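Notes to accompany the following structure.
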Amino acid sequence: MLIVTAVSLVYVQLQIQIFDFAYQGKKREKAITHLLDTNSEVRSKICLLQSANHLGVKLLDENSKASLKFLSRDQIVQLSMPMVSKIEQASTVKRDKNQNLLANFFLLKSQAEAEPIR
């Protein structure tokens, strides 16, 4: 009778530990869900603060400490780079050669004619 009682007590203790671990797991899962929700809210706020609209409003505000102004057209200088145009020409010539090669490969030499079935 003592052995059966001892085994029963051990079994009950194991069941209590199983339920305790299950409750701890649920608490941790709830904490993780809360942290994920908080993380997504913080990311959303960071994206809002980094958005172009927010930065534009912040920088161009009349009370802003930075005195920013848009440049007029006479203050903008345009630079031409002849080396870039040569590179672009070389790439277009190469592209045209590749297209001509493919066009010649798929080019039909004679016109297809339909013949009646006899």
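The values are calculated or read from the model by the stated rules, or taken from the named source; none is laboratory data. Predicted model only: the values in this text are computed from it and were never measured. Every residue, glycine among them, receives a Cβ derived from its backbone with ideal geometry; neighbour counts consider all protein chains shown.
Some notes on this structure:
- Residue within the range 34-54 that is modelled with pLDDT of 80 or more, surrounded by 10 or more Cβ atoms within 10 Å (Cβ to Cβ) and touching a helix residue (DSSP H, G or I) at 6+ places or on another chain (Cβ under 7 Å) present: yes
- Residue match in the range 67-74 (condition: basic (K, R), surrounded by 10 or more Cβ atoms within 10 Å (Cβ to Cβ), at pLDDT below 95 and at negative phi): no
- Of the residues in the range 26-48, not one is outside any helix (DSSP H, G or I) and of a type outside the set (F, W, Y).
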